[in-house]
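First the structure, in the form of structure tokens, and then the observations on it.
The values are calculated or read from the model by the stated rules, or taken from the named source; none is laboratory data. Everything quoted here is computed from the prediction, not taken from an experiment. When we count neighbours, we look across all protein chains shown, and the Cβ atoms used for this are built from the backbone with ideal geometry, even at glycine.
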Amino acid sequence: MADIFDIIADANRRAILEFLLQASGPGGNGEATAPELVAFLGLSTQSVNRQLGILVAGEVVQVDGEGTDRVYRLVPEGLDGLGEWVEPFLEASLTGLAHQQESAAFTAWAGESLPDPLRRAAERLPEPAEVGSALGRALAEANSRVVEPVLHRVEPVAGRVAESVEPLVERVAERVEPVVERLKERINRRRD
């Protein structure tokens, strides 16, 4: 199974997962067809089918039916690895937040305040969760734009290299085998 972070790296795959999650909500049947996803995403059928293939292979989406009758459903258990990885960071964040609140309370009690430039900068910052979410999306999209195209170019070349190296390995093995046999014979003669 592919790494969960590779699976959710693409913004379109995340949008498909969100669509299927919403379809699972109250009044929803928890499923969608490829044409529904094409209409929702505004992408070509081929592109949506490619993304669905990755999600199905990654076991985060299940497909039932064949041909034009295919129906896709979210498999929440497929995302468990993501939750397990994020959990320690959330705990650390909550611990840090509690410490910050304690520090702010002490600062207020002690009559201290932040220097004006720092206070103004802090007031202009968006919510930390929004910054983290935007940063995560940017990193995932960068991975999708940079790493995936390189992998698509490297994989066929690696296959051709492996095919061309295989005969060389066989020839070397053919030449080495008689040498190894002669060495074994010499060792056996010395023992006798």
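Residues in region 7-41 that are in a helix (DSSP H, G or I) and over 17 Å from ASP80 (Cα atoms): how many?
Within region 7-41, the subset in a helix (DSSP H, G or I) is 7, 11-23, 34-41.
From what is left, the residues that are over 17 Å from ASP80 (Cα atoms) are 11-12, 15-16, 19, 22-23, 34-41.
Qualifying residue count for the region: 15.
If I go through region 42-91 residue by residue, how many of them are among the hydrophobic types (A, V, I, L, M, F, W, C), in a helix (DSSP H, G or I) and at pLDDT below 90?
6
Looking only at residues that are surrounded by 15 or more Cβ atoms within 10 Å (Cβ to Cβ) and of a type outside the set (A, V, I, L, M, F, W, C) in region 71-84, which one is nearest to THR33 (Cα to Cα)?
TYR72
From the list GLN51, GLN62, which residue is among the polar types (S, T, N, Q) and closer than 23 Å to GLU84 by Cα? Full working, then the answer.
Working: GLN51 fails: closer than 23 Å to GLU84 by Cα.
Sole residue among the options that is among the polar types (S, T, N, Q) and closer than 23 Å to GLU84 by Cα: GLN62.
Consider GLU31 carefully, then state whether it is at positive phi and surrounded by 15 or more Cβ atoms within 10 Å (Cβ to Cβ). Don't jump to the end; show me each part of the working.
Values: at positive phi: no; surrounded by 15 or more Cβ atoms within 10 Å (Cβ to Cβ): yes.
In short, no.
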